[in-house]
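Worksheet: one structure, shown below.
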Amino acid sequence: MNRIVFLGSGGGRYVMTDQLRKTGGLFFEIENNTTDPLRFSLDPGPGALVHAVSLGLRHDKWDGVVLTHFHPDHATDANALLDGMEKPFLIAEEHCLIEANKLKGTFKDYVPCIFPYHQEKANPCKPVKDKDTITIRGVEFSAHKAKHDVPTMGYRITAKGVDIGYPGDGEYYQGQQSHYDGCRVLILNTLIPKGKTVHINKHMSVDEAITFVNQMSLKPQLIVFNHLSHWMLRGNLWKQTRIMEEATGVKTIAADDFMELDLTTLKTRKLRTAATPVVEREEEEE
């Protein structure tokens, strides 16, 4: 089954610290030409590991982690998840992995969010820049720059029967939509309600989301508002999705904590948490 599980639908520092919505990012399970589906975490913020365990998703069987940028609500649980994977891959915007003095450019106020140990463990470990493309077991990850307040990538994720656009955090910029033309599902991190003022280089608004989609040559079949802020939650999510749907002609839903999206049928259901599973392991040194 091709699916996404929303281990959190919240975003931004205040929803993250208040936990008004969970902030564990997205879990993907994508079938490919191999025996096992490719399973990975995208932007695992606080709670990704705990919620994966509570839902019985067997994080120890996952294959990797993908990061758009190093902000805590996108990357806090990445090291913990990588620690539990046997042979993980890692795809991340380059500032997540590389020290400032080793990169060109003026952005220097940061430290890499992935520990050297976990970078060495990951194979492959791929720092990405704009327009880079990485293929892992038949699943293609195309990186495209976002306009955020720190270096950030969005991703188009494609495989047989799967085409997902995830532009990541940031405000809309002219031409951004061209990288996601024709994707079947478009997940937009939308933190600002219709008619409200956008902070420069911060996050996308509903107004910008409308522009983004209406500029696409081939629109998606489904739009998902994700990474929801206090502002969006107070702004009547049902109303915001209806505004988007009426303005673009595309079915629009808001993500929910522990929502599973079937990428074949585009139907959703909410997963129930289970008792903590007993994971059988061979005795080994911690």
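The values are calculated or read from the model by the stated rules, or taken from the named source; none is laboratory data. Computed from a prediction, not measured in an experiment: that's the story for all the values here. Here Cβ is always computed from backbone atoms with ideal geometry, including for glycine, and neighbour counts include all displayed protein chains.
Observations, loosely collected:
- Single residue of the stretch 179-210 satisfying the filter (among the polar types (S, T, N, Q) and crowded, with 18+ Cβ neighbours inside 10 Å) that is farthest from Pro167 (Cα to Cα): Ser205
- Residue selection: Asp109 fails the criterion of being touching a Gly at 6+ places or on another chain (Cβ under 7 Å) and either polar (S, T, N, Q) or more than 21 Å from Pro37 (Cα to Cα) (or both).
- In summary, Arg39 fulfils each of the numbered conditions (1) of a type outside the set (Asp, Glu); (2) in contact with a strand residue (DSSP E or B) (Cβ under 7 Å, 6 or more places away or on another chain); (3) surrounded by fewer than 21 Cβ atoms within 10 Å (Cβ to Cβ); (4) in contact (Cβ under 8 Å) with a residue 60 or more places away in the chain with the single exception of condition (4).
- Failed item in (1) aliphatic (A, V, I, L, M); (2) in contact with a Leu (Cβ under 9 Å, 6 or more places away or on another chain); (3) farther than 22 Å from Asn32 by Cα, with Val150 passing the rest: (2)
- The condition of being surrounded by fewer than 19 Cβ atoms within 10 Å (Cβ to Cβ) and under 15 Å from Gly25 (Cβ atoms) holds for only one of Ala75, Ala80, Ala100, that being Ala80.
- Flag if Tyr180 is aromatic (Phe, Trp, Tyr) and farther than 28 Å from Ile30 by Cα: no
- Of all the criteria given as (1) at pLDDT below 95; (2) under 26 Å from Thr264 (Cα atoms), the one not satisfied by Glu140 is (1).
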